[in-house]
Amino acid sequence: MSIQIYNTLTPAKEPFVPREEGKVRMYVCGPTTYNYIHLGNARPLVFFDTVRRYFAYRGYEVQFVQNFTDVDDKIIKRAREENVDPLSLAQKYIEAYFEDAGKLNVAKADVHPKVSEHIPEIIEVIQKLVEKGYAYEVEGDVYFSVRRFAGYGKLSGRSLDEMQAGARVEVDPRKKDPLDFALWKRAKPGEPAWDSPWGKGRPGWHIECSVMSLKYLGANFDIHGGGADLIFPHHENEIAQSEAACGEPFARYWMHNGFITVNQEKMSKSLGNFFLLREILDKFPGDVVRFFLLETHYRSPLDFDDQKLRESQKALERIKNTRRLLQEKIQFLRSINVSTAGPGDQAFADRLEACREAFIRAMDDDFNTSLALSAVFDLCREANTFANQTRLPEVPGALPLLEKAWRYLEEMVVQVLGIPLQ
């Protein structure tokens, strides 16, 4: 069975067919660095890190890019409140991001591009859009003309009329259409600004991700990921401006993780149920938080509370206990120079293979980490029963079977799911 991915663009599960055989090119939207990352940021970090790990496990060469938005209205506002330089503020939170992500065992991307380091490339793409008639300049601001792009709405499944009736758009009478969005923003006093053909200014949010992903992965790259909250308008706008500029498809598969809820309500500052990741990490180890985030299928909402994390901690401890038991029995059998010869317990060997195959089937089916963990617990149950036999040293082939169980547990939990078992 090939790896199946639910593609938001279609929307359906589809067999994964990469642009280039044996290689996966992934771009995942990173945080806007005006604060410490919150639990909602942590979910895509952990999930897409797991996707990356699984592709590598299946033999693919993976190129993984995750950006930092270090030029943005929220950063400027926060910097003004703290009376600091916006880029310095952003760098502070980029460093904090690596500290927090490291505690979740999230590997660094191959490239972590920053907006501030890609201004010339951004200006070049905006110029191309203006020349092609997809964008227009008004008094130093440049807007993308949404109605000029025929496919607008294909990701979110919304019509232009629905968007105009319900979308929250900036009120600006200079726009040709209320749905048009900013590619370049005219400089305001005290804000970071760069020279451009339209005067000093800075890029809009949406164009930043388009340019950085295209620079490092090229058009028609394999996977673009992020939270479901980014489908509209951010990813919808990325598709429009990227395909208008390049004249070819932007990304092949669009993957979006579900929301984090607290007591069944979406986590938000306005509801007062907003949790910074480092606050949670003060109470629970990073491996427990990672396990908790992977217990639910990535497209489903994930409800958070301390009790659920305590339950995750107990569940993870069961896996760690199995690993310790296997290690103990392996060391014991090695210490007494037990013979490895013999046919072994073929039924147990078959059950081990069945657990591994079930794990792979689950991950092949749109990265179903919830079902994959069920396979892990099945393996633990089988391994515990076999390892606790009173006459274990007399079982032919016991040592290589225990070593295989230990190796499969390491592959599934540590290598793929990224959960340390030390």
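Consider Phe367 carefully, then state whether it is under 30 Å from Leu302 (Cβ atoms), part of a loop (DSSP other than H, G, I, E, B) and open to solvent by less than 30 Å² (accessible area, probe 1.4 Å). Criteria met by Phe367. With respect to (1) in a loop (DSSP other than H, G, I, E, B); (2) more than 31 Å from the chain's Cα centre (by Cα); (3) modelled with pLDDT of 95 or more; (4) surrounded by 16 or more Cβ atoms within 10 Å (Cβ to Cβ), the lone exception for Tyr152 is condition (2). For Lys114, the criteria (1) loosely packed, with under 15 Cβ neighbours inside 10 Å; (2) under 21 Å from the mean Cα position of the chain (by Cα); (3) under 30 Å from Asp195 (Cα atoms) hold in every case but one, which is (1). Checked against the criterion of being open to solvent by 10 Å² or more (accessible area, probe 1.4 Å) and within 21 Å of Ala79 (Cα to Cα), the range 195-204 has at least one qualifying residue. Of all residues in the range 317-340, those satisfying the criterion of being within 17 Å of Leu401 (Cβ to Cβ) and among the β-branched types (Val, Ile, Thr) are Thr322, Ile330, Ile336, Val338, Thr340. Checking Gln422, Gln313, Gln346 one by one, the residue that is under 27 Å from the mean Cα position of the chain (by Cα), farther than 27 Å from Gln4 by Cβ, open to solvent by 40 Å² or more (accessible area, probe 1.4 Å) and modelled with pLDDT under 90 is Gln422 and no other.
Just a yes or no: is a residue in the range 371-382 modelled with pLDDT of 95 or more, assigned to a helix (DSSP H, G or I) and in contact with a Ser or Thr (Cβ under 6 Å, 6 or more places away or on another chain)? It would help to see each step written out before you state the result.
Within the range 371-382, the subset modelled with pLDDT of 95 or more is 371-382.
Now drop any that are not assigned to a helix (DSSP H, G or I), which leaves 371-382.
Checking the rest, the ones that are also in contact with a Ser or Thr (Cβ under 6 Å, 6 or more places away or on another chain) come to 380.
The answer is yes, given that some residue of the range 371-382 is modelled with pLDDT of 95 or more, assigned to a helix (DSSP H, G or I) and in contact with a Ser or Thr (Cβ under 6 Å, 6 or more places away or on another chain).
Taking the numbered list (1) out of contact with any Lys or Arg (no Cβ under 7 Å at 6 or more places or on another chain); (2) modelled with pLDDT of 95 or more in turn, Gln164 passes all entries but (2).
Please work out which one of (1) touching a Pro at 6+ places or on another chain (Cβ under 8 Å); (2) open to solvent by less than 10 Å² (accessible area, probe 1.4 Å); (3) not in a helix (DSSP H, G or I) is the condition Met212 fails and give its number. Among (1) touching a Pro at 6+ places or on another chain (Cβ under 8 Å); (2) open to solvent by less than 10 Å² (accessible area, probe 1.4 Å); (3) not in a helix (DSSP H, G or I), the lone unmet condition for Met212 is (3).
The set of residues in the range 240-283 being surrounded by 17 or more Cβ atoms within 10 Å (Cβ to Cβ), assigned to a loop (DSSP other than H, G, I, E, B) and at pLDDT 95 or above consists of Phe250, Gly258.
Quick check on this structure: which one of Val62, Val17, Val51, Val24 is at pLDDT 95 or above, assigned to a loop (DSSP other than H, G, I, E, B) and β-branched (Val, Ile, Thr)? Spell out how you get there, then give the answer.
Working: Val62 fails: assigned to a loop (DSSP other than H, G, I, E, B); Val51 fails: assigned to a loop (DSSP other than H, G, I, E, B); Val24 fails: assigned to a loop (DSSP other than H, G, I, E, B).
After ruling out the rest, the residue left standing is Val17.
For the range 72-93, the criterion of being surrounded by fewer than 23 Cβ atoms within 10 Å (Cβ to Cβ), under 24 Å from the mean Cα position of the chain (by Cα), hydroxyl-bearing (Ser, Thr, Tyr) and at negative phi is satisfied by at least one residue.
The values are calculated or read from the model by the stated rules, or taken from the named source; none is laboratory data. Predicted, not measured: the structure shown is a model, and the values here were computed from it. Using ideal geometry, Cβ is built from the backbone for each residue, glycine included, and neighbour counts are taken over all protein chains shown. Side chains are part of the model used for accessible areas, which takes the heavy atoms of the whole protein and leaves out ligands, DNA and RNA. Shrake-Rupley method; radii C 1.70, N 1.55, O 1.52, S 1.80 Å.
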